[in-house]
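These notes are about the structure you will find just below.
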Amino acid sequence: MLNLPQAENAKTRLLLFLWDLEGLKNTVKRGELHKRIVKSREKSKDYQPIFEELQELGAIAMTKKGRSEKVSLTQQGLQILKERLAKPDFKFEGPQVGTKVPNALLKWIRNMGDVAITPSLTPPPAPQIESYDGFKEMLLETYHRLNKDYNLGHLVPIYQLRRELGETVARSQFNDWLVEMQANDIVRLMVGEMPDITPEKREDSLTLPSGDFRYYVKHLNS
């Protein structure tokens, strides 16, 4: 199991190596990617949560056929990688595997002009939700879609709802309107157990004015 600093480091290395393996243009065998990212004294299974989280963020896309699993880098993943490498305080922690990281970084530096995200590849801004009623309609529509697609048993994680709605609503407005939906007996906000909780998922869940956390939404008419 990777600790938090190791996990954050691993996300950046995974995206960087996936880009280095031409993952933006083609699918890459997961086993080939493991050879790059898994360091000594680590196991491939240590990286399963990393793959899952990056997939949830839309940074990578994964396909499986039989026992073969392939990974590709999305435009969202490319943007995340650019932002992570550009942070002034970012650095790779601990010993790296041979010369793989510096060589990948050299390729990144030499090709910076080629990996810029062009306007044609950047999706248009999502329309903003400007009213409580509009938010309620969009949230319940998203709730029922996620509940059906992932068989969630009518307990949909708040972080998934927030990420699905994305930039259509401000974080503080999302919080206020979600609490208002509970006050109007439309949904119930619940604590529950979240075994795969991460700092990012906790942050994208809900903190009530009392300071208590809520992780799930249940539609009371479901």
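Before moving on, here are some points about what is shown:
- Highest-first arrangement of 9-18, 26-35, where packing means the average Cβ count within 10 Å: 9-18, 26-35
- Sorting the segments 138-144, 204-210 by their mean number of nearby beta carbons within 10 angstrom, highest to lowest, gives 138-144, 204-210.
- Working note: Karplus 6.51/-1.76/1.60 with θ = phi - 60° gives the stretch 185-193 the couplings 6, 9, 9, 10, 8, 10, 7, x, 10 Hz, where Gly and Pro are set to x.
- Neighbour counting of Cβ atoms within 10 Å sorts the residues 80, 186, 37, fewest neighbours leading, into 186, 80, 37.
- With K and R counted +1 and D and E -1, the other residues having a Cβ less than 14 Å from that of residue 148 yield a net charge of -2.
- For the stretch 136-222: rounded, prolate or oblate by the Cα gyration tensor [a/c cutoff 1.5]: rounded
- When each of 11/218; 65/136; 39/70; 35/87; 35/64; 25/65 is checked by Cα-Cα distance, pairs over 28 Å: 11/218; 65/136
Only the coordinates and a few stated rules stand behind these numbers; no lab work does. Keep in mind it's a predicted model, so treat the numbers as computed, not measured. FYI the Cβ positions are ideal-geometry reconstructions off the backbone, even for glycines, and counts take in every protein chain you see.
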